[in-house]
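Notes follow the structure.
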Amino acid sequence: MSTALQEQLVALTQQLLESITGGDWATYERLCDPTLTAFEPEARGQLVEGLPFHKFFFDRRESPRPSHTTICAPHVRLLGSDTAIVSYVRLHQGVDSTGIAATRRFEETRVWQRQDGQWRHVHFHRSTSS
């Protein structure tokens, strides 16, 4: 796999994460397939299908606070010519409502599929660090 393709997939993943932390639903929706599936802590062990579960959190988000997301040690694997897996550790730095800064750590795997020439996010698994 070319380095350029790896860099593109990591950049798309970074853009996706920034849309989440920034509350940018339009970008999130553009990058995600409508049939997105996910395992994430908020779903309490259940497989989530579709975007409505995620939109709920975007719609109820308070005004954005300062934050920064770092993708650590990304690993990109291409499966065929139209599917890719991006695995990494995500460090999210943020400020809570009292002004206290904290860093949270997540292990994440994102699955991307090329559809009509565009990469779309189709599945993810996110775990909190123990």
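None of the figures in this text is laboratory data; all of them are computed from the coordinates on show. Note that the structure is predicted; figures quoted are calculated from it, not measured. Cβ atoms come from the backbone with ideal geometry, glycine included; neighbour counts cover every protein chain shown.
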Separation of the range 29-48 and the range 63-122 by C-alpha centroid, Å?
13 Å
Determine the principal axes of the Cα atoms in the chain, then give the extent along each, sorted from largest to smallest and rounded to whole angstroms.
47, 30, 27
Of 30-39, 95-104, ordering from highest average Cβ density within 10 Å down gives 30-39, 95-104
Rounded tilt (10° steps) of 3-22 against the dominant C-alpha axis of the chain:
30 degrees
Counting other beta carbons within 10 Å of each residue's own, what order do His121, His92 fall into, fewest first?
His92, His121
